[in-house]
Structure formats: C-alpha cells, structure tokens
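Participant: Before I ask anything, here is the structure I am working with.
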Amino acid sequence: MPLPNEKVLYVLTGPTAVGKTELALQWAERFSAEIISCDSLLFYRGMDIGTAKPTVAERRRVRHHLIDVCEVAERMDITRYVELARKTADELLARGSRILVTGGSGFYLRSFLAPVADAVSVAPALREEIASKLDRDGLAALVSELKQRDPEGAAMIDLSNPRRVQRALERSCATGKSLVQLAREFAEQPSAFADWRIVLTRLDRDPQALERRIAERAAAMLAEGLLAEVERLLPRGLAENPSAAKAIGYRESIDCLAGRLVADQLLGEIVKNTRGLVKKQRTWFRTQLPAHRVLDAAVATVDTLFA
C-alpha cells in the first residue's frame, strides 16, 4: 500500500446495485481514505432515496466529497466536475489522506482516465446566431453550411440530429478548424490526472444475483418514500434539469405523479429501466475502460479490493 502522500487514486466502479458503497466504506476506514464521488446524480441536494446516496451515518464513517454540491435545478457539467475533483484530490493529498474514487457514471469516471473536455469556447452571440438560423431556416440549412465548411467532419456525425449539427457548426465557426483536427487535438491532450497513478478495480456479480439486487433496491426506494421525495423536488426545479428529471427512478415517479403511469406499474418500470442501464454500463466498462481488475462483488473483501 503506497504512503498517504503519494499521488495515487484508487478507483472503484461497477454497475448500479452491484454493492460498491459498503466495500468502499470498509476500505476507506481500513486505509484512512476519503471518498470522491463520480456518480452523476449524487451532486444534487435532495435527490437522496432515488440515488441510493450514502446516508448521514455512512458519511460520518468516511468523509465524502462532491456530494450535495448543486441544487436540483442547477446543472453540473464535466468541466466543472473535473475542476472540483482535481481541487479536492490536491487538498486531500496535501493533508496526507489516501483517496478513493467511487461511482458508476462512465462519463464522470472517464475524467480520471482520459481527457474529457477541450478548450473550444463558443461565444454566446455565435451560439444564438446559429440557433436562430436553425429555427428560421431549418436543419437542412445548417447541414448545408456545415458541409461547405467541413465536408469531412460532416460525414462523421448524424446529420439528422439537430443538436449535433448545431454543435458541430458552432465549433467549426468558432475555431476555423475541421472536426477531424479538433478531435486530433483533443486526443493529444493530457487528462486532468495524468500525473497521478490510477489503480482501478471493477466489481461485478452473477447476472441473476444482480437482477435480484436491482429489484430489491427499487422496492426499498419506494418503501422509503421515493414518490414523496420527487413531490418535494418538483417545486425546486427537478423537471427543469434534464439530467436529474430523466434519471431512473425519478422519471418514472414524475410520470406516475402526472398520471402518465399507473402506480401499480411504477416498481416494474423502475426495475426494467435499471436493468437496461446496467446492460449499458457493463458494455461501457468492457469497451471503454483501460486494463483493470474485475472482482466478483459477492466474494470481494477489503483485503482483495486493490491487492
């Protein structure tokens, strides 16, 4: 085990409901570590039950960071997350604490492993001009302009997706560079944690066992008052934040409260959609993560986690 003042990040990931939380707590207690969350929903204050957020008692056991840093109506973005994560890691290193990063959100997890945000800045006036053109002249006009400016780049994206075409045109106009050139420059950037050693472990479980845990977790959330939590959050702006409102557990609850989903179907919808999420997570972990250890969460222990 490296000394506390060495630049090492221990990273524990795995799909939803696999059992990361308790193992992370035990490991952090054993090795005097603090936890940096890379879960995309733990940022939001009040989103507690539906995110399986570590409880107050669990956070007393081990200090957690990047939890409850936003109001539910406030959007988190990857640039802000990277800044907060790097600042937190530097502070923990300075005071001699080991660091455990844990969570299952691939987009935020990637920020510890590879570059995730480039330096392209689009002026608000340019963004508004292109958005107005889209509203006034339609998608075909933006596609035509993009093809004239950057034919190779236009061939790389889904030209039927207005948002992608709009963003590609913004970047082309703002930089005068092709999408290929921008992608090359982005790939050559160092990650925010390039000067840290990363020790990465992924937990998994037998598929049938994980499905049982998903069902049990969803039932527990409803029993603990998920619908009441969503009712409290809606006046605070939950529905205006797409990242939060579309999260599994929350979107189904919103539909139920709005009468679009029968209450008897709520549990089944949450379970079904969580299974779909886990399938996507597993694919992402297998194809996007660098070489790493995979442990069966049913038998993993504190001693084997990063052995």
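The values are calculated or read from the model by the stated rules, or taken from the named source; none is laboratory data. Everything quoted here is computed from the prediction, not taken from an experiment. Because the Cβ atoms are built from the backbone with ideal geometry, glycine has one as well, and the counts that use them run over all protein chains shown.
Participant: Please name all residue pairs, on different chains or six or more residues apart, with Cβ atoms under 8 Å, provided the first residue is in the stretch 79-90 and is at negative phi and the second residue is modelled with pLDDT under 95 and surrounded by fewer than 19 Cβ atoms within 10 Å (Cβ to Cβ).
Facilitator: Close Cβ pairs (under 8 Å, with a partner that is modelled with pLDDT under 95 and surrounded by fewer than 19 Cβ atoms within 10 Å (Cβ to Cβ)) amount to THR79/ALA117; VAL82/ALA117.
Participant: Name the one entry in VAL294, VAL278, VAL299 that is part of a strand (DSSP E or B), under 29 Å from LEU12 (Cβ atoms) and of a type outside the set (Gly, Ala, Ser).
Facilitator: Of VAL294, VAL278, VAL299, the one residue that is part of a strand (DSSP E or B), under 29 Å from LEU12 (Cβ atoms) and of a type outside the set (Gly, Ala, Ser) is VAL294.
Participant: Where in the stretch 165-238 are the helices (runs of 4 or more DSSP H), entirely inside, with at least 1 residues that are among the acidic types (Asp, Glu) and crowded, with 17+ Cβ neighbours inside 10 Å?
Facilitator: 226-233
Participant: A further question on this structure: Quick one: in the stretch 284-303, of everything that is among the β-branched types (Val, Ile, Thr) and modelled with pLDDT of 95 or more, which residue is nearest to ARG251 (Cα to Cα)?
Facilitator: In this case the residue turns out to be VAL294.
Participant: From the residues in the stretch 87-139 that are in a loop (DSSP other than H, G, I, E, B), more than 24 Å from GLN26 (Cα to Cα) and not aliphatic (A, V, I, L, M), which one is modelled with the highest pLDDT?
Facilitator: Taking the candidates together, the pick is GLY138.
Participant: Now, a different point. Do you know which of the residues in the stretch 59-112 that are among the aromatic types (Phe, Trp, Tyr) and touching a strand residue (DSSP E or B) at 6+ places or on another chain (Cβ under 9 Å) is nearest to VAL11 (Cα to Cα)?
Facilitator: So the residue we want is PHE112.
Participant: Moving to a separate point now. Need the failing condition index for ARG86 against (1) farther than 21 Å from LEU226 by Cα; (2) crowded, with 21+ Cβ neighbours inside 10 Å, just the number.
Facilitator: Result: ARG86 fails condition (2) only.
Participant: Condition (residue is among the basic types (Lys, Arg) and at pLDDT below 95) applied to the stretch 50-60: is it met by at least one residue?
Facilitator: There is no residue in the stretch 50-60 that is among the basic types (Lys, Arg) and at pLDDT below 95.
Participant: Pick from GLU145, GLU152: which is in a helix (DSSP H, G or I), surrounded by 14 or more Cβ atoms within 10 Å (Cβ to Cβ) and of a type in the set (Asp, Glu)?
Facilitator: From the options GLU145, GLU152, the qualifying one is GLU145.
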